[in-house]
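The values are calculated or read from the model by the stated rules, or taken from the named source; none is laboratory data. Predicted model only: the values in this text are computed from it and were never measured. Neighbour counts run over all protein chains shown; Cβ positions are idealised from the backbone, glycine included. Accessible surface areas use protein heavy atoms only, side chains included; no ligands, DNA or RNA. Shrake-Rupley method; radii C 1.70, N 1.55, O 1.52, S 1.80 Å.
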Amino acid sequence: MRTGEYARSTTETKIKIKLNIDGKGLFTCKTGIGFLDHMLELMARHGRFDAEITANGDVEVDYHHTVEDLGIALGKAFSDALGDMCGVTRYGSFMLPMDESLIIVALDFSGRPCLCYDLQVPAQKVGDFDTELVREFFAGFCNSAGLTLHLKQLAGINSHHIIEAAFKGFGRALRQAVALDDKFSGEIPSTKGLLKN
C-alpha cells in the first residue's frame, strides 16, 4: 500500500491528512465547509483513494485559507505516497459529463507545478462557498505535488455541475496517473531519470 500523511499548522489553519492511494474510496472529512467536503469525497470515491481529512480553519473570516491550505496539504500527501514515482503511469486524463456540463481533465506528475484553469463558473457562490476558491484549491495542490494540471470546460451552465465534474474528473485522472504500469516496473517514467527535485 502506498500511503502518505501530512500535517500543516499555521496561525490560520490546522490540517491533518492520512491518504492511501491504493484504497477503495473510503473517505472521512471534516473541514467545516460542507460543499468542499462533498467535492473531496467525490474526488476520493472516483479516484479510489482512502482518505481521512480534518481541518480547523479561520472560517469565521472566510473559507479562503482553509481551501487553499487543504489543496497544499493534499498535494503533499500525494507526493509523499508516490515516493520517487518509480513504476507509476505518470499521466492521466478524463473527460467527464455532469448533466449539461462537460469537463476535460489532463494531468502529469512532472515535478513542474503548472495549472491551466479554464472553468467558467457563472455563480459567485454555491451555497455559502465562493466558487473562485475552486481555482485556489487546485493551485495549492499543483504547487505542492509538482503537478501539471489542465482543467478545461467544454460545456456547462450550472455552477454546481461544472465544479462537481471537475472534481470527479480530477479523481479519475489521478487514479490513472498514480496507477502502477508494469512496463515501467522498477524505473521512473522519465528520460531525465527523476520526477522530483
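For region 79-89, a residue qualifies if it is open to solvent by 10 Å² or more (accessible area, probe 1.4 Å) and in contact with a helix residue (DSSP H, G or I) (Cβ under 6 Å, 6 or more places away or on another chain), and the qualifying residues are Ser79, Thr89. The set of residues from region 10-49 being open to solvent by less than 50 Å² (accessible area, probe 1.4 Å) and assigned to a loop (DSSP other than H, G, I, E, B) comprises Thr10, Ile21, Gly23, Gly25, Thr31, Ile33, Phe49. On the given criteria, is Met95 in a strand (DSSP E or B) and either among the hydrophobic types (A, V, I, L, M, F, W, C) or without any contact (Cβ under 8 Å) to a residue 40 or more places away in the chain (or both)? Yes: the conditions hold for Met95. Considered as a group, the residues in region 59-78 that are more than 18 Å from Arg135 (Cα to Cα) and modelled with pLDDT of 95 or more include one that is surrounded by the most Cβ atoms within 10 Å (Cβ to Cβ), and that residue is Ala77.
If you go through region 98-126 and keep only what is in contact with a Ser or Thr (Cβ under 6 Å, 6 or more places away or on another chain), touching a residue at least 60 places away in the same chain (Cβ under 8 Å) and open to solvent by 30 Å² or more (accessible area, probe 1.4 Å), you end up with just Ala106. Among the residues of region 14-32, those identified as modelled with pLDDT of 95 or more and closer than 16 Å to Asp69 by Cβ are Lys14, Ile15, Lys16, Ile17, Leu19. Across region 146-181, the qualifying residues are those that are open to solvent by 60 Å² or more (accessible area, probe 1.4 Å) and touching a Gly at 6+ places or on another chain (Cβ under 8 Å), and the one among them that is modelled with the lowest pLDDT is Leu180.
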